[in-house]
Amino acid sequence: MERQDFKSDRLNDEVSLFLGCTLKETMMAVLVSLSISGLIAIPLMVILFGKITIGLAISLVLAAPILLALLARLSILKRGKPAGYYQQFLKIKLSKTGLIKNPYVMRSGAWSTERIMEIKKS
């Protein structure tokens, strides 16, 4: 029986759980899909039938395809990229929309290494 080699870079990363996503990513996608389906189904069923419980049941059923779509999109975004790439990508996108402050330097061009001091003439 041949022994398999362990790679040290795999030991530091989280294990992929479902569709190439980790447990934390899957749980966040579950919360987002339940929120989206709840915001769609519950008010609609309250308006149509006057019952919240029907809306809860429909939102649970509606959450499954939303979850699969979110995880598929996230796995495509992560494919072939280094660990943490999608987090930086999402922070940059959210900063461009103005929802968060940009944590990264986004300037392109030549950088100077010298210190420039203005001399005031009096």
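The values are calculated or read from the model by the stated rules, or taken from the named source; none is laboratory data. Predicted, not measured: the structure shown is a model, and the values here were computed from it. Every residue, glycine as well, gets a Cβ built from its backbone with ideal geometry; the counts of neighbours run over all protein chains shown.
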Within region 74-94, restricting attention to residues that are of a type in the set (D, E, K, R) and closer than 20 Å to residue 13 by Cα, which residue is surrounded by the most Cβ atoms within 10 Å (Cβ to Cβ)? 78
Meets criteria (at pLDDT 85 or above and more than 23 Å from residue 90 (Cβ to Cβ)) for residue 60: yes
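Rundown of residues vs (1) free of Cβ contacts under 8 Å to residues at least 24 places away in the same chain; (2) in a helix (DSSP H, G or I); (3) among the polar types (S, T, N, Q), yes/no style:
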{"position": "16", "(1), (2), (3)": "yes, no, yes"}
{"position": "27", "(1), (2), (3)": "yes, yes, no"}
{"position": "32", "(1), (2), (3)": "no, yes, no"}
{"position": "48", "(1), (2), (3)": "yes, yes, no"}
{"position": "65", "(1), (2), (3)": "yes, yes, no"}
{"position": "77", "(1), (2), (3)": "yes, yes, no"}
{"position": "80", "(1), (2), (3)": "yes, no, no"}
{"position": "106", "(1), (2), (3)": "yes, no, no"}
{"position": "119", "(1), (2), (3)": "yes, no, no"}
Restricting to region 16-29, and then to whatever is under 12 Å from the mean Cα position of the chain (by Cα) and buried (at least 16 other Cβ atoms within 10 Å of the Cβ), can you tell me which residue is farthest from residue 70 (Cα to Cα)? 22
Could you count how many residues in region 95-104 are in a loop (DSSP other than H, G, I, E, B) and either surrounded by 10 or more Cβ atoms within 10 Å (Cβ to Cβ) or at negative phi (or both)? 6
